[in-house]
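What follows is a set of notes on a single structure, which appears directly below.
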Amino acid sequence: MNRISIPKHEWDERLLQLLSSFEVYAPVENEFSCDYMLLDADIISEAVYNKPKPVTPLKKFFLPVKENVTSGTVPAKPVAIFGAPNCDVMGLALLDMIYMDEEYADPAYQERRENTTVIVADCLSIQENCHCTSYGIEPTGNEHSDLSLALVDEMVILTIYNKKGEEFIKKLGVVVSIEPEKELVQSLVKKQQEVMDQLKKQNSNLPGYQETGKLISASVNGAWVKHASNCVSCGACSAICPTCSCFLLIDKPGFEKIRQLDTCQYPGFERVAGGEDALNALPDRFRNRYMCKYVWKPEKYELQACTGCGRCIETCIGQINKNELFVELSRV
């Protein structure tokens, strides 16, 4: 594993120099939330490190809510995103399989991916609804990202995973690899293990990913009727999910085609021209989303379609907690 360390003040200076050649995004906190912002000289020092998780999922950078796919453009500058949690990066791994399939690659998505360096931030704390480890995902960087980053004792520790990560380090101005001190790495590993232990304790009753898929497949309609009674079909859960990517393709005059993200929770999502709608009943629509995430997509892509970020719980207007539903199914 190739690691280097840079003092925080020096990291900020190098980022400042990088702004002339890169669009750099990072999480920044305000009084309401923490979300990605395009960095400039005034807010580089305000970037948030190692806190879960930006409100906006990482997919936003690669799948805009609405875009003209007949005239899409890639930013003139390459993009660097740092501070992404690993739950989002694992979601991106699934989207890569869908949108960068060799036979049916999506050119707009592929161009954005190739133009972007993704730098994971190790989560060194947890939030109430985080449950990545329940699904076998660690809250630290891995080979699905280009680099990972951790701020420990005012030192930025960077772990390089691939060629794109190496190129970014060169552009950052780090020519000689500066190995972090042994004590610094030990401190980071200790913090990572503490977070893993906290997540395990917090979600001790939650069934694992594969078990959840089996529970959903075998479940009876009563549980879905009960929990769907609070659903208002707003689609927020799907819209903010790191892996949900259904879309409409809308024809416009002049042979323009607009791709607009859609969600299976909207009424009429499966309605066909003849008027038939397999998901007309709200409980069926509600269950369909979990069948897709825990049964159908993992069967097709052999990757998880829920990465345990918990955003769907936090954004639900009806205050539906899917984890409570799954615990209830496990006790039937």
### Query
Roughly how many Å is it from the Cα centre of the stretch 91-159 to that of the stretch 200-264, as a whole number?
21 Å
### GluC sites (Glu not before Pro) restricted to DSSP loop in the stretch 1-90 with at most 11 other C-beta within 10 Å
Glu31
#### Entry: Amide H partners (placed H, <5 Å) of Phe247, local residues excluded
Asp262
### Cβ crowding within 10 Å averaged over residues, with 126-139, 90-103 ranked highest first
126-139, 90-103
#### Entry: Length added when fully stretched, Asn30-Val232, from 0.36 nm per residue minus Cα-Cα
69.8 nm
### Query
Given labels modelled 7 Å from the Cα in the Cβ direction, how far is it in nm from Ala218 to Glu302?
2.6 nm
### Summary
Quick calc: nm separation of the 7 Å Cα→Cβ label points for Arg14 and Lys190 -> 2.6 nm
### Message
Give me Val295, Val89 sorted ascending by neighbouring Cβ count inside 10 Å, so fewest comes first.
### Response
Val295, Val89
### Query
What order, most packed first, do the peptides 196-203, 162-169 have when packing is the mean number of other Cβ atoms within 10 Å of each residue?
162-169, 196-203
### Message
Can you give me the long-range amide H partners of Gly83? Hydrogens built in the peptide plane at 1.01 Å from N, cutoff under 5 Å, separation of 5 or more residues or another chain.
### Response
Ile119, Ala121
### Task
Determine, for Ser330, Ser148, the number of other Cβ atoms within 10 Å of each Cβ, and report the residues in order from fewest to most.
Ser330, Ser148
### Query
Can you give the calculated 222 nm mean residue ellipticity of the chain, where each DSSP H run of n ≥ 4 adds -39,500 (n - 2.57) and the sum is split over every residue, rounded to the nearest 500 deg cm²/dmol?
-10000 deg cm²/dmol
### Message
Explain nothing, just the number: dipole magnitude of the stretch 48-159 about its Cα centre with +1 on each Lys and Arg Cβ and -1 on each Asp and Glu Cβ, in debye rounded to the nearest 20.
### Response
460 debye
### Query
Once label points are set 7 Å from the Cα along Cα→Cβ at both Val55 and Ala41, what is their separation, rounded to one decimal in nm?
2.9 nm
### Message
Using Cβ counts within 10 Å as a stand-in for footprinting exposure, how do Trp224, Trp296 rank, fewest first?
### Response
Trp296, Trp224
### Task
Rank by packing, highest mean first: peptides 235-241, 76-82, with packing defined as the count of other Cβ atoms within 10 Å averaged across residues.
235-241, 76-82
### Query
Two-decimal Rg/Rh of the stretch 209-330 from alpha-carbon positions, Kirkwood Rh?
0.99
### Task
Scan around Asn2 for amide H atoms under 5 Å from its own, H built in the peptide plane at 1.01 Å from N, and keep only partners 5 or more places away or cross-chain.
Ile160
### Message
Given contacts defined as C-alpha pairs under 8 Å and at least six residues apart, what's the relative contact order of the chain, whole-number percent?
### Response
21 percent
### Query
Which ³J(HN,Hα) values, rounded to whole Hz and listed in residue order, are derived for the stretch 125-137 from phi using the Karplus coefficients 6.51, -1.76 and 1.60 in 6.51 cos²θ - 1.76 cosθ + 1.60 with θ = phi - 60°, glycine and proline given as x?
7, 10, 10, 4, 9, 5, 8, 4, 5, 5, 10, x, 10
### Query
Can you give the Kirkwood hydrodynamic radius of the chain from its Cα pairs, in Å with one decimal?
21.2 Å
### Task
Mind giving me the FRET efficiency for Asn162 and Gln260? R0 is 25 Å, r the Cβ-Cβ distance, nearest 0.05 is fine.
0.15
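Bear in mind these aren't lab numbers, they're just calculated from the coordinates by the rules spelled out. From a predicted model like this one, the values you see are computed outputs, not experimental measurements. Every residue, glycine as well, gets a Cβ built from its backbone with ideal geometry; the counts of neighbours run over all protein chains shown.
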